[in-house]
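Written below as structure tokens is the structure these notes are about.
The values are calculated or read from the model by the stated rules, or taken from the named source; none is laboratory data. Since the structure is predicted, the reported quantities are computational estimates derived from the model, not experimental observations. Note: ideal-geometry Cβ built from the backbone for every residue, glycine included; neighbour counts use all protein chains shown. For accessibility, only protein heavy atoms count, side chains too; no ligands or nucleic acids. Shrake-Rupley method; radii C 1.70, N 1.55, O 1.52, S 1.80 Å.
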Amino acid sequence: MSYESTAEPIKLGYLFDFRLPEGFPPERRDDLVQPFQLVFDEGVRQGMLDRPVEIVFREVEGLPRGSAKAVIDGYGELVDEGCLAVFGPAITDNAVPTREAIEARFQVPAISVTGTEDWLGEWTFALPQGSMTDEPIYWARLLAKGGHTEVGALIEGSLIGDSYLRNFRKACVAHGIRVVAEEWIAQTAQDVEAAVRKLRDADATAIVHCGFGFGVVQVNPALEALGWDPPRFMGTAFQNAWINDTMWNAIVGWTGLDQYDEGNLVGQQFLDQLQATYGRRPEYCVPVVNRDLATVLLHAFADAHPLTPRGVKEALERVKMLPAASGAPGTYLSFGKWTRRGWMGAGYLVARRLDPDGINAHMVDRFGQP
């Protein structure tokens, strides 16, 4: 290839703010990166980009098990490597302090799946895997549809847990639901039997979990020990089931908020492409969410003039009305000046339940429909 036909790749940082557990299946790790690579390679093939995209993956231990400093340091390393944008961090307790560092020091755009609106700023965009404000409204709707007027809440002691709880209280008032007990639990997997017993003794007819998800690990065993099997609801912590068998078993029998909807034809067509390219069809939230992230970044890289961090940031603001692979049918991706949250429509979240058989999950509700 001639000198005039070559160009350095565009570098995208991928900041993963918790270390995956030992023995994490290699194919699940592939599910993180392959959707990005497939979208970017297709963009080159179609002529949207005149150069490849190199994904620079950085895995650090942020909160709740590590520190926010480790995440900020990891972001700085990606900036130093020449990344024009960064995907991550994802966890609310890491995202908020990292946003402050991005604005003060780095000024390289980031896009995250965090659910807090405190992430949003001049350089920080979101395709949130949920929302600290939206999810409690969805829980209240599900509880009201099930006839539950007295519920108990398990709240992880964190920014996530506190944010969920404040908004859940308001949503319950609007739907005529009374929170009969609030019990705070650890962010990590600890003994929660005493907290669960207090919810039962308060005559709660259903349980809601508020948090990132690690705190829910011991809830099912506690319920079994107490001989109590109430309906139980959680937010997008439901999507953590892919991490390992421990998290999968922790949400058996729970109804949670998800972004995989088999009725979304854009998502199904993308899974067809994944299967044709890599020989796997991973039917859960991560591949379709990462496809949407890659799609908006592809359009931003293609429209960035100049091809610099600020150019990418301004090009992200021009991404408009792209069909999404995640969420319910009809969900779109659209940003703008000071529009930093990109999934449009209530249907970007759906409710699914992991059945007691521990294998099958089924659709419970689409929130964008009456």
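Listed values, structure above:
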read-out: Cross-chain or 6+ apart pairs with Cβ under 9 Å, segment 132-156 first and at positive phi, then assigned to a loop (DSSP other than H, G, I, E, B); value: GLY147/THR205
read-out: Residue that is nearest to the chain's Cα centre (by Cα) [pool: residues in segment 242-251 that are open to solvent by 10 Å² or more (accessible area, probe 1.4 Å) and farther than 13 Å from GLN218 by Cβ]; value: TRP242
read-out: Criterion: touching a residue at least 12 places away in the same chain (Cβ under 8 Å), farther than 26 Å from GLY23 by Cα, touching a strand residue (DSSP E or B) at 6+ places or on another chain (Cβ under 9 Å) and open to solvent by 10 Å² or more (accessible area, probe 1.4 Å) - qualifying residue of PHE233, PHE212; value: PHE233
read-out: Within segment 330-361, tally of residues that are within 29 Å of ILE251 (Cα to Cα), among the β-branched types (Val, Ile, Thr), open to solvent by 10 Å² or more (accessible area, probe 1.4 Å) and not in a loop (DSSP other than H, G, I, E, B); value: 0
read-out: CYS285, sole failed condition from (1) of a type outside the set (A, V, I, L, M); (2) open to solvent by 10 Å² or more (accessible area, probe 1.4 Å); (3) within 15 Å of ALA325 (Cβ to Cβ); value: (2)
read-out: Residue in segment 88-97 that is farther than 29 Å from VAL216 by Cα and not in a loop (DSSP other than H, G, I, E, B) present; value: no
read-out: Where MET321 falls short, out of the listed (1) in contact with a Ser or Thr (Cβ under 9 Å, 6 or more places away or on another chain); (2) in contact (Cβ under 8 Å) with a residue 60 or more places away in the chain; (3) surrounded by fewer than 19 Cβ atoms within 10 Å (Cβ to Cβ); value: (2)
read-out: Any hit, segment 38-53, residues being within 18 Å of the chain's Cα centre (by Cα), closer than 27 Å to HIS299 by Cα and either among the aliphatic types (A, V, I, L, M) or in a loop (DSSP other than H, G, I, E, B) (or both); value: no
read-out: Residue count for segment 196-248, restricted to those that are outside any loop (DSSP other than H, G, I, E, B), in contact with a helix residue (DSSP H, G or I) (Cβ under 7 Å, 6 or more places away or on another chain) and under 27 Å from SER131 (Cβ atoms); value: 19
read-out: Those residues of segment 163-195 which are open to solvent by 30 Å² or more (accessible area, probe 1.4 Å), modelled with pLDDT of 95 or more, within 30 Å of PRO97 (Cα to Cα) and not in a strand (DSSP E or B), in sequence order; value: ARG166, ARG169, LYS170
read-out: Restricting segment 196-209 to residues that are of a type in the set (D, E, K, R) and surrounded by fewer than 17 Cβ atoms within 10 Å (Cβ to Cβ), the residue that is nearest to ALA144 (Cα to Cα); value: ASP203
read-out: Test: residue in segment 69-81 that is part of a loop (DSSP other than H, G, I, E, B) and in contact (Cβ under 8 Å) with a residue 24 or more places away in the chain; value: yes
read-out: Failed criterion for GLY130 (all others in (1) open to solvent by less than 10 Å² (accessible area, probe 1.4 Å); (2) under 27 Å from GLY66 (Cβ atoms); (3) in a strand (DSSP E or B) hold); value: (3)
read-out: Unmet criterion (only one of (1) closer than 26 Å to CYS285 by Cα; (2) at pLDDT 95 or above; (3) open to solvent by 10 Å² or more (accessible area, probe 1.4 Å)) for ASP73; value: (1)
read-out: Criterion violated by ARG19 - all others in (1) open to solvent by 60 Å² or more (accessible area, probe 1.4 Å); (2) free of Cβ contacts under 8 Å to residues at least 40 places away in the same chain satisfied; value: (2)
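The rows are residues; the columns are (1) at negative phi; (2) touching a Leu at 6+ places or on another chain (Cβ under 7 Å); (3) free of Cβ contacts under 8 Å to residues at least 40 places away in the same chain.
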site: ALA300; (1), (2), (3): yes, yes, no
site: PRO309; (1), (2), (3): yes, yes, no
site: ALA315; (1), (2), (3): yes, no, yes
site: GLY330; (1), (2), (3): no, no, yes
site: LEU349; (1), (2), (3): yes, yes, no
site: ASP365; (1), (2), (3): yes, yes, no
